[in-house]
Structures are given as C-alpha cells and as structure tokens.
Amino acid sequence: MADTNNIEDITGDPYLLGLVIYRSEQALLPPELVVALIAAESGGDAYACSYESLAQTAMQSARPRQCSLDTESVCQKMRWGLMQISGAAARRLGCELWLPQLSVPLVNLEWGVKYLVHLTNQFYKRHGYAGVIAAYHSGSPRRSGGGYVNQLYVDRVLKLVEEYKPIVAEKREQALAVLETQLLAPEEAEAAVRADKAIDEYLSRPLEELKKMAAERGIEPEKGWKKARYAEALYALDLDAQNARKDAPDVSEARKSE
C-alpha cells in the first residue's frame, strides 16, 4: 500500500479535488471514498504504476490500432495513476485509449470511478462499502473467518474515509467553483450538455438500429465498436451537418439584395 504523504496534492489542489467530487457525485458515490482510495492506492501520485504478471487480461477488448498484442498485454497488467485502476479493468469497461493515458488525472478519475461504480453495483447491496473496498483491492469481497482476506486494507480505507469526509465537505464549494472556471467556459458547458442529450437519444436505440443508421450514413465502424461508439459517430455527423448549415450562405437574403 502507498503512503499518504502526497494526498495533500489532491485535497490541497482545488481543481483536482473538484474533479474527484464532480466524478463521484455524478456517479452517486461519496467523494471521500474516492479520495480515501486514492490515498491508499497511490498516495496521491498521478504517475504511480505497478505491474502484476499474473493479472488476468481482456485481450478481446478493442485497443488502438497501432498497439501490438505484446504491448497491450503488458499495459493491461499494469495499474495506473491516482486510483491504480488496472488496464484490463478499464478495457472491460470499454476504454479504447492507449492505456498509459490512465496516468492523466482527468482520464484516471473517469475510468477509476466507473470501475468503482461497477463494483458498487455488484457488491454494495450485500456487503456495503466495506465489501466494495475489499473488491476494489482484490477483485471480489472474499471472506476469511470474521472478516475479509484483505481486512487490514479495508480498515485502513474506512479510516481514511472518516478522516477525509470533513475535509471534502469543507472544501467542496470552492473546489467545484474552481473546476467550473478552469474546465469549461459557460458556452462549452452548454454545448456539452446538448451533446450528452443527443448521444443519450442514440443510446436509447437498439444496437442493430444504430448499425443500420451508421451504414446508411456511410460510417465505417472499426472492429469491436459498441453502442457508445456508434452513438458518438452518428452525433458527430449531426454536428458536422449543423456546422455546414451555419456556414452556408443565406439564399433568401441573397435574393432580397438582388
């Protein structure tokens, strides 16, 4: 386990803390739980990484076209960044980036929180957050005697949760305000909301319908595309069409001037 000396880089950095809080709250997770996991896993070091030679991989998942199988295998067995999410876990959740990008805090928090949500959906109802924490550390909440096989880790994270809960609450408003000013301008935020709604509309359709729509519009999918990629590609075409209409000359105005 990592020491926590660098965790002040998170709680003391309003932008990074804002990212943690935003990602956590959007996923309906306690932000202090994510901060505690960061403290236990990496000590707040965004460049932390480790290799697990016996880790299971997900080699059938989509990866960058230029990435060789050997490189992919090594990268999937690495744990990356603040939340130390494994490359294989990110791939199973649909990440198609080059896996070293998981060292970037913005990317790491996105996929680390997604993985935590996945485990919460699986184990919270029966085991509570203690079981979710155990699973985050070892893949599943395996019990031994009266506790988990990794009970020391679980106890440490739960203690950190209580330590960071008042800190997060105190700094939440300032951190989110800093995030809002640094991450997106108001017009960019509005555009992002519109994009999310449009993509969600596509995601509500069956996959086969999206494939048919993509074929009709000349989109050539890469191997392993899922619904999200089809939805994003179709929305991108919509956006291009909208921009083309904006740039086109106004024929009616031109006729008036003749």
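Could you please give the count of residues in region 93-105 that are more than 16 Å from Pro31 (Cβ to Cβ) and not in a loop (DSSP other than H, G, I, E, B)?
Pass one, region 93-105, residues more than 16 Å from Pro31 (Cβ to Cβ): 93-104.
Now restrict to residues that are not in a loop (DSSP other than H, G, I, E, B): 99-103.
Of the residues in that region, 5 qualify.
If you go through region 197-233 and keep only what is part of a helix (DSSP H, G or I), modelled with pLDDT under 80 and under 24 Å from Arg63 (Cα atoms), you end up with Ile199, Asp200.
One line per residue, one yes/no per condition, for (1) farther than 14 Å from Tyr115 by Cβ; (2) touching a strand residue (DSSP E or B) at 6+ places or on another chain (Cβ under 9 Å); (3) surrounded by 21 or more Cβ atoms within 10 Å (Cβ to Cβ):
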| position | (1), (2), (3) |
| --- | --- |
| Met59 | yes, no, no |
| Gln66 | yes, no, no |
| Glu72 | yes, no, yes |
| Arg79 | no, yes, no |
| Met83 | no, no, yes |
| Leu99 | no, yes, yes |
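Do we have Glu25 as surrounded by fewer than 16 Cβ atoms within 10 Å (Cβ to Cβ) and in contact with a Pro (Cβ under 9 Å, 6 or more places away or on another chain) here? It is true that Glu25 is surrounded by fewer than 16 Cβ atoms within 10 Å (Cβ to Cβ) and in contact with a Pro (Cβ under 9 Å, 6 or more places away or on another chain). When we screen Leu106, Leu93 for residues that are in contact with a Phe, Trp or Tyr (Cβ under 9 Å, 6 or more places away or on another chain) and surrounded by fewer than 18 Cβ atoms within 10 Å (Cβ to Cβ), the only hit is Leu93.
When region 141-196 is limited to residues that are open to solvent by less than 40 Å² (accessible area, probe 1.4 Å) and in a loop (DSSP other than H, G, I, E, B), the one that is modelled with the lowest pLDDT turns out to be Ala185.
The values are calculated or read from the model by the stated rules, or taken from the named source; none is laboratory data. Keep in mind that this is a model prediction, so the values were computed, not measured. Positions of Cβ are backbone-derived with ideal geometry, glycine not excepted, and every protein chain shown enters the neighbour counts. SASA here: full protein model, heavy atoms, side chains in, ligands and nucleic acids out. Shrake-Rupley method; radii C 1.70, N 1.55, O 1.52, S 1.80 Å.
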